[in-house]
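One structure is given here, and the rest of the page talks about it.
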Amino acid sequence: MTDTPSNTDPLQSAIAPDFSSVPTQALDALRMKFSQLTASLSKIRDEMSRAELPQWYTLQAQLTVTLSQLSSLTNTLDHYEETLDATVAYPLPSFPTTAHEGLITTLMRKKNIPEVDEWIKDAKETNGLDVDSLSDAEIKKLINKDKDITSWATKCLLDERAKHSYTGLYTTKERQTESIDDRDNLYTSSVSNVKTSRPFSVDKVLKFVNQGESY
Amino acid sequence: MTYYGVLFVEKCTPSTITQLQDVLSTDLISMGDKWSFELKTFRTSAKNTDPNDTKVMHTVQLSHKNNETVTIKNQSAIITPTYVTKALYDNGCVFGTPEPFDYMLSNKLSNIWTQRQSIKGEFGVSYQTADLSIRVNNAFSYSGFQGLILELESKSSDNLEAFEKNVERVRTMLSGMGLSDVRVSSDKSQGSKQEDSSLFDLAAHYLKVLG
Amino acid sequence: MVQQLALFSAIEDESYPLSVETLTILSSNRPRLFANFNKIYKPNPSLQIEKVNAKNQLVEQTRVKLSTAVPLSKLGNGAELNYHFMEKLSNDDIESFNVKSYIQDIDSNNKTNWAFQISDIPAAGNNRKLSSQTIHESVIQSSSGSVSSFIDELGYVNDFQYINVGVKFQFLSGVVMEIYKVWQVVQKDQEVSMKLITKDGFMIKAMYNVNKSTDIESLNNGSQLLLKLKTDLRDYIELDIPDRKCMDTRLNHLD
């Protein structure tokens, strides 16, 4: 760091601080991801607290967006891992520490709030793994195994889906065993040709009920 | 069985009703709701009707009888309520809220029937004494104050004799106030009456004293 | 007083079942059987009735309709009835219905409820999309003496009588559709006979009733609903505006 002041009075630093080594790219990318994710989570929270819940498909769409944003965020964190690991934040001498002591301690705190610690503890317990005692290689192996299971599950879903017919009037089995033309399979709404006819005159009947004309 | 009677006091003033309240106050148990009545008279404009025909039709509407309207001509009468019965509505006989019969006479049958007179009492008072329910009202027509109307309703446990005695007591009371020009019409026959037939009779009493 | 917006049509007997299915789906309600008996009265011809009223306004002589319900128990002679009952009614007589005894019962019962209606001729107009008619109604809850003697005192005499039997669909929007048959009822001497007017088919009526003729909003809403219904049923049942002269209940000068 090259911002050592030439005079000893920290409150009158005449040298402008050098921000060149601040990892702005990483921080900005993260800030953006975080703000997107926070917005999505707020939106879901607001929707869920309404008197009338939204339709399931609306919620599902929002959940999908939130999950993809979370995924994007974790990727970004992963991408900038080295940079961020080597980054340390500290206050400049010009920061009014006496006036804003509370603020500076909040900003500099690295310890999680108890709530967050609980979540992390819960996640680790649910996981069933003792992450601290595993080597990096072992952890990598576990992550890959997880990825494999996910791919397998996706494949199962796609396979099962392919076995069913979602449109048309016949089952896939029927389609294969009985030679049904694919064109017949589709249900399209058609115009009906059924018509009614009038066996008597409406006006004549109305004339009778209103004036009693003998029929 | 509830008996009814109607008294009409001519030759009094609109303030007689207040004097009456004072006289009744000694026997008064409670006061009831405000009530109103209207008696309309229609005359036929058709020529060559039967010479014996009265040519007159009346409608009587009483607020304390659900505002049902009784229409009377000679010995025939009908009651037209302000609501529709479900069977009539469900079977397509009626489409909406029905009108009282005088509406028909005035609006659709005015080539045959012409309204000649309307006697009505609004903001009438009702009293509950030990013997009777008494409803009093000032009766007005287009030409002004006509007189004082009293409607008497017996307790359902009374018999005809007891009712007749109570009617007499009211007449005596009116006499005591200096009111002797009193026309009376009240139930004369015993026997169980159905809801509607007692309304017919009551309307007939109004007609008798005001007609 | 009711403002009634309406469109009419007719179908042949064979189309009845499919029409009922169609309207059941369109209205989201099951068909309900209904039946009414109607007595039409006209001013007593022996009376000389003025052409104007006391205010010197022209008032035409008009017919009066009294109608009452025919209980389904009487119609079906105690049997449970549903909309299929209509499929058996293609003759002058209704087998399960003893019309003579029914009429005797209602005439002798002073507590029969009668609807008393006087209808105006539907509104005129070159660009009419619907029939719009004012119907004045009163309900006779009971009578002292017979209703017929009261009507006589009113200055009216018997003109003709008829019965409607059919099914009714109540749409959630307020529109009502009826598919029904009409029989004329003739009383001669002591005998009562019926004659089927709607031969080989059914009358169809789609209506919307508004309680106040000044309620423009409801009238507009009703118009839109009926016209939409007309479009929906197009090419299957053609709902039309009838000739308003056929819906005129006034006595013609020629009568």
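Structure notes:
- Qualifying residue in the range C:27-39 (condition: part of a loop (DSSP other than H, G, I, E, B), in contact (Cβ under 8 Å) with a residue 24 or more places away in the chain and either touching a Phe, Trp or Tyr at 6+ places or on another chain (Cβ under 7 Å) or crowded, with 16+ Cβ neighbours inside 10 Å (or both)): yes
- All positions within the range C:102-116 that are within 8 Å of chain B (Cβ to nearest Cβ) and either farther than 17 Å from C:SER144 by Cα or part of a loop (DSSP other than H, G, I, E, B) (or both): C:LYS111, C:ASN113
- One residue from B:THR85, B:THR71, B:THR80 being at the interface with another protein chain (Cβ under 7 Å from one of its Cβ atoms), under 30 Å from B:ASN52 (Cα atoms), of a type outside the set (Gly, Ala, Ser) and out of contact with any Cys (no Cβ under 7 Å at 6 or more places or on another chain): B:THR80
- Residue in the range C:142-150 that is away from chain A (no Cβ under 14 Å), farther than 12 Å from C:LEU66 by Cβ and assigned to a strand (DSSP E or B) present: yes
- Which listed residue is more than 9 Å from every other protein chain (Cβ to nearest Cβ), more than 22 Å from the chain's Cα centre (by Cα) and farther than 22 Å from C:GLN117 by Cα, from B:ASP33, B:ASP53, B:ASP22: B:ASP22
To keep it simple, each residue is scored yes or no on (1) at pLDDT below 90; (2) closer than 23 Å to B:SER106 by Cα.
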site: B:GLY32; (1), (2): yes, no
site: B:THR44; (1), (2): no, yes
site: B:ASN48; (1), (2): yes, yes
site: B:ASN52; (1), (2): yes, no
site: B:HIS58; (1), (2): no, yes
site: B:GLN61; (1), (2): no, yes
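- Within the range C:42-94, considering residues that are part of a loop (DSSP other than H, G, I, E, B) and of a type in the set (Ser, Thr, Tyr), the one farthest from the chain's Cα centre (by Cα): C:SER46
- Residue match in the range A:68-78 (condition: closer than 30 Å to A:SER40 by Cβ, outside the structural domain of A:SER42 (by TED's automatic domain parsing) and part of a helix (DSSP H, G or I)): no
- Sub-7 Å Cβ pairs linking a first residue in the range B:6-23 that is acidic (Asp, Glu) to a second residue that is surrounded by 13 or more Cβ atoms within 10 Å (Cβ to Cβ), at least 6 apart or interchain, are B:GLU10/B:GLY147, ordered by first then second residue.
- Some residue of the range B:150-159 being more than 27 Å from B:GLN115 (Cβ to Cβ) and of a type in the set (Lys, Arg): yes
- Which numbered condition C:SER73 fails, given (1) more than 30 Å from B:ILE112 (Cα to Cα); (2) facing chain B (nearest Cβ under 7 Å): (2)
- If the condition is being closer than 30 Å to C:SER19 by Cα and among the polar types (S, T, N, Q), then the range C:50-108 contributes C:SER67, C:THR68, C:SER73, C:ASN77, C:ASN82, C:SER90, C:ASN91, C:SER96, C:ASN98.
- The condition (being more than 14 Å from chain C (Cβ to nearest Cβ), surrounded by 10 or more Cβ atoms within 10 Å (Cβ to Cβ) and modelled with pLDDT under 75) is satisfied by just one residue among A:GLU213, A:GLU178, A:GLU174, A:GLU138: A:GLU174.
- Any pair with Cβ under 7 angstrom, 6 or more apart, that starts in the range B:116-142 at a residue that is of a type in the set (Asp, Glu) and ends at one that is not in a strand (DSSP E or B): B:ASP131/B:ASN166
- Enumeration of residues in the range A:108-135 that are assigned to a helix (DSSP H, G or I), over 24 Å from the mean Cα position of the chain (by Cα) and either at pLDDT below 85 or more than 29 Å from A:TYR90 (Cα to Cα) (or both): A:GLU125, A:VAL131, A:ASP132, A:SER133
- For B:SER141: the one exception among (1) buried (at least 17 other Cβ atoms within 10 Å of the Cβ); (2) in contact with a Ser or Thr (Cβ under 9 Å, 6 or more places away or on another chain): (1)
- Set C:VAL182, C:VAL192: member being away from chain A (no Cβ under 13 Å), hydrophobic (A, V, I, L, M, F, W, C) and either in contact (Cβ under 8 Å) with a residue 12 or more places away in the chain or within 27 Å of B:LEU109 (Cα to Cα) (or both): C:VAL192
- Residue within the range C:202-211 that is surrounded by fewer than 21 Cβ atoms within 10 Å (Cβ to Cβ) and farther than 21 Å from C:VAL165 by Cα present: yes
- Within the range C:151-175, considering residues that are within 14 Å of chain A (Cβ to nearest Cβ) and surrounded by fewer than 17 Cβ atoms within 10 Å (Cβ to Cβ), the one nearest to B:THR54 (Cα to Cα): C:VAL157
The values are calculated or read from the model by the stated rules, or taken from the named source; none is laboratory data. Fair warning: this is a prediction, and the values are worked out from it, not measured in the lab. We place every Cβ from the backbone using ideal geometry, glycine too, and count neighbours over all the protein chains shown.
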